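Peer 1: Handing you this structure, nothing more for now.
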Amino acid sequence: MRVDKFLWCVRYFKTRNIATNACKQGKVRLEEEILKPSKEVFPGDKLRVRKNQINYEIEILDIPKSRVGAKLVNLYVHDVTPKEAFEKLDLLKYSKDYYRKKGTGRPTKKDRRDIDDWFENAEEEINKPEDKKDE
């Protein structure tokens, strides 16, 4: 079976077109070799698929005749992705949330003015003479 069709059948990609594009972009590998969408895959092959900033490592157990239901995917594929890959994704998600809350977008004009006022006040505090800082 073609690799793009296989990845679509085992639900790694929502459409076959997305699977084909992933292959063309070099996101699907067989033992460090970038695969073309038309490359045939067989049981026992180990694929590495880059999707959502995670390198999924999957072992092909069997070839399905057509697209399978989500509950039956485990009959055809064994996922051997290390847990560290998923932990990295969680850390990345938390770091983005820490920087700026989701949905707040760019700073508004008022936010910018508040920031400028804060910097001006901090600068005045730094530039005060030593004897006036205590007052």
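Conditions tested, residue by residue: (1) touching a Phe, Trp or Tyr at 6+ places or on another chain (Cβ under 8 Å); (2) among the aromatic types (Phe, Trp, Tyr).
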site	(1), (2)
Phe6	no, yes
Thr15	yes, no
Gln25	no, no
Gln53	no, no
Asp62	yes, no
Ala70	no, no
Val73	no, no
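Peer 1: In addition: Please verify whether the stretch 51-70 includes one or more residues that are of a type outside the set (S, T, N, Q) and part of a helix (DSSP H, G or I).
Peer 2: yes
Peer 1: Can you tell me which residue is modelled with the highest pLDDT among those in the stretch 85-135 that are of a type in the set (A, V, I, L, M, F, W, C) and open to solvent by 100 Å² or more (accessible area, probe 1.4 Å)?
Peer 2: Filtering the stretch 85-135 for residues that are of a type in the set (A, V, I, L, M, F, W, C) and open to solvent by 100 Å² or more (accessible area, probe 1.4 Å), the one modelled with the highest pLDDT comes out as Trp118.
Peer 1: Taking the criterion of being closer than 14 Å to Asp4 by Cβ, of a type in the set (S, T, N, Q) and either at pLDDT below 90 or open to solvent by 30 Å² or more (accessible area, probe 1.4 Å) (or both), would at least one residue in the stretch 67-76 satisfy it?
Peer 2: No: zero hits.
Peer 1: For residues that are among the β-branched types (Val, Ile, Thr), buried (at least 16 other Cβ atoms within 10 Å of the Cβ) and closer than 18 Å to Ser66 by Cβ, scanning just the stretch 1-46, find the one that is farthest from the chain's Cα centre (by Cα).
Peer 2: Val41
Peer 1: Scan the stretch 14-47 residue by residue and report those that are part of a loop (DSSP other than H, G, I, E, B) and under 21 Å from Leu61 (Cβ atoms).
Peer 2: Selection gives Glu31, Leu35, Lys39, Val41, Phe42, Pro43, Gly44, Asp45.
Peer 1: Right, something else. Just the residues that are of a type in the set (Ser, Thr, Tyr) and without any contact (Cβ under 8 Å) to a residue 12 or more places away in the chain, please, taken from the stretch 14-32.
Peer 2: Thr15
The values are calculated or read from the model by the stated rules, or taken from the named source; none is laboratory data. A quick note: this is a predicted structure, and the numbers were derived from the prediction, not measured. Cβ coordinates were reconstructed from backbone atoms using ideal geometry, including for glycine residues, and neighbour counts include every protein chain displayed. Keep in mind that these areas ignore ligands, DNA and RNA; they rest on the heavy atoms of the full protein, side chains included. Shrake-Rupley method; radii C 1.70, N 1.55, O 1.52, S 1.80 Å.
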